[in-house]
Amino acid sequence: MLELKGIYKNYNAGSVNEMCLFDDFNLIIPDGQFVAVVGSNGSGKTSMLNVICGSIPVDRGQIIVDNKDITAQKDYIRQRIIGRVYQDPSKGTCPSMNILENMSIADNKGKKFDLRKGINKAKTDEYRQILSTLGLGLEDKLYTQVGSLSGGQRQALALLMSTMTPIKFLILDEHTAALDPKTADIIMQLTDKIVHEKKVTTIMVTHNLRYAVEYGDRLLMMHQGRAILDKEGSSKAQMDPEKIMHIFNEISIECGN
């Protein structure tokens, strides 16, 4: 279980540009839950992900995983139990290396290293089999540089690589936003398949309201560092993109836009 407890976060503290993003923010995500997070720009969606991953420190509060306080834990330590896929397809892979080399790096995440070769040739067939499950023909491109792949292929590979080792949390930071609609649909189908097969706790930030409704067990809407909407189960099933957009419009009017 993941718990954000009494989180406070100020940006540019002590300056004229000081902004309080989180003011006693609390959130509990049970094991195995798939949470879709929506909200306007600056609402705190990505900052929440960065707090979980340790990319930004909190001023006060606790990040608790399975009753263990990891607030002071460095981000590179947390990455052993967290897989993250970014909006930019180039961030989750190494473009100058081929697919085989990228998968080998992902497969050795968190493991001890020495002076032996990083690529285990004996695993080539295993990697090829894993890639075939994507249905994108990448199993026949093991020696192709990742930088020459399409955005959708790279994002599918990044998604696969992020879950190759046992992880507790999968963090999806607008991972379909840079893709065309057809490719984005393919990536979302792959996402749903991987999440359910791995049974991994997943937090997905998205601007696509249809994806937020169709996928996941729970729907959060963020606004000014608060969760103003929290639906799961049957109450989430009653939501649709029009209802969510109506709430967005109400917020916009309240903010004077």
**Report entry** Reference-scaled alpha-carbon Rg (2.2 N^0.38 Å with N residues) for the chain
**Finding:** 1.06
Report summary line: The alpha-carbon pair-distance distribution computed for the stretch 104-257, with 10 angstrom bins and whole-percent values, is 9, 33, 31, 17, 9, 2, 0
Requested in this report: Would you mind listing how long the stretch 1-113 runs along its three principal axes, going by Cα atoms, in whole Å with the largest first?
Outcome: 47, 34, 28
Report summary line: For the stretch 145-252, the percent of accessible surface on carbon and sulfur atoms (probe 1.4 angstrom, ligands and nucleic acids excluded) is 50 percent
Query raised in the report: Just how far, in whole angstrom, is the stretch 159-237 from the stretch 10-50 if you go by their alpha carbon centroids?
Result: 17 Å
**Report entry** Entries of Lys91/Lys236; Lys109/Lys199; Lys74/Lys111; Lys168/Lys199; Lys68/Lys168 with Cα pairs more than 21 Å apart
**Finding:** Lys91/Lys236
Query - Spacing of the two label points (7 Å from each Cα toward its C-beta) at Cys94 and Lys121, in nm - result: 2.0 nm
Report summary line: note: the stretch 22-72, Cα-Cα separations exceeding 14 Å make up a percent value of 58 percent
Query raised in the report: Of the listed peptides 170-176, 84-90, what is their order by residue-averaged count of other C-beta atoms within 10 Å, with the highest listed first?
Result: 170-176, 84-90
Query - Stretch gain in nm, segment Thr144-Glu250, where the contour uses 0.36 nm per residue and the Cα spacing is subtracted - result: 33.3 nm
**Report entry** Isotropically averaged projected area of the stretch 47-111, using the convex hull of Cα atoms (one quarter of hull area), nm²
**Finding:** 5.4 nm²
**Report entry** Per-residue [θ]222 nm for the chain (sum of -39500 (n - 2.57) over DSSP H runs n ≥ 4, rounded to 500)
**Finding:** -9500 deg cm²/dmol
**Report entry** Phi-based couplings in Hz for the stretch 99-111 (Karplus 6.51, -1.76, 1.60; Gly and Pro marked x)
**Finding:** 4, 4, 5, 4, 5, 5, 4, 5, 5, 9, 4, x, 8
Report summary line: In whole µm²/s, the translational diffusion coefficient that Stokes-Einstein assigns to the stretch 180-257, given a Kirkwood hydrodynamic radius over C-alpha pairs, 10 °C and 1.306 mPa s, equals 114 µm²/s
Query raised in the report: In straight Cα distance, which aspartates and glutamates are under 19 Å from Lys5, not counting same-chain residues fewer than 8 positions off?
Result: Asp23, Asp24, Asp31, Asp59, Asp66, Asp69, Asp75, Asp230
Query - Apportionment of accessible area to carbon and sulfur, the stretch 30-104, percent (1.4 Å) - result: 47 percent
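The values are calculated or read from the model by the stated rules, or taken from the named source; none is laboratory data. Computed from a prediction, not measured in an experiment: that's the story for all the values here. Ideal geometry is used to build each Cβ from the backbone, glycine not excepted, and the neighbour counts take in all protein chains shown. Side chains are part of the model used for accessible areas, which takes the heavy atoms of the whole protein and leaves out ligands, DNA and RNA. Shrake-Rupley method; radii C 1.70, N 1.55, O 1.52, S 1.80 Å.
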